[in-house]
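Below is one structure, written out as structure tokens, with a few remarks after it.
Each reported figure results from applying straightforward, stated rules to the coordinates on display, with no laboratory input. If you're wondering where the values come from, they're calculated on a predicted model, not measured in any experiment. Heads up, the Cβs are rebuilt from the backbone with ideal geometry, glycines too, and the neighbour counts pull from every protein chain shown.
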Amino acid sequence: MAEHSATVRSTAAAFGISKSTVHKDVTVRLPLLHAGLYAQVRHIIETNKQERHIRGGLATKRKYEREKQFRRGEKRAE
């Protein structure tokens, strides 16, 4: 997570484990094992948390733009 500034979701996918496991490992277990790395990862998690509403809005925008293009394509075919 720290090396690539990855999200909890992408980290979970990369390791083939659940998001809950990644979050628990990072917030509960990592501080006990490596305080310096925990500080870096915690900063990344906070940044991702602050930016997630923006990413969600962009994803919604892309979704409706694709739907709009699809509808236009159907109207032209008729």
(request) For every helix of n ≥ 4 consecutive DSSP H residues, a contribution of -39,500 (n - 2.57) applies; sum these over the chain, divide by its total residues, and give [θ] at 222 nm rounded to the nearest 500 deg cm²/dmol. (result) -25500 deg cm²/dmol
(message) Checking the cross-link filter: which lysines have an alpha carbon closer than 29 Å to that of LYS49, excluding same-chain neighbours under 8 positions apart?
(response) LYS19, LYS24, LYS61, LYS63
(message) Just to verify a number: FRET efficiency for ALA39 and SER18, C-beta to C-beta distance, R0 = 22 Å, to 0.05?
(response) 0.35
(message) Just to be sure I understand the curve: with the Debye formula and one point per C-alpha of the range 8-77, what is log10 I(q)/I(0) at q = 0.17, 0.19, 0.24, 0.26 Å⁻¹?
(response) -0.74, -0.83, -1.05, -1.12
(message) I'd like to compare 6-12, 33-39: which one has the highest average count of other Cβ atoms within 10 Å, and what's the full order after that?
(response) 6-12, 33-39
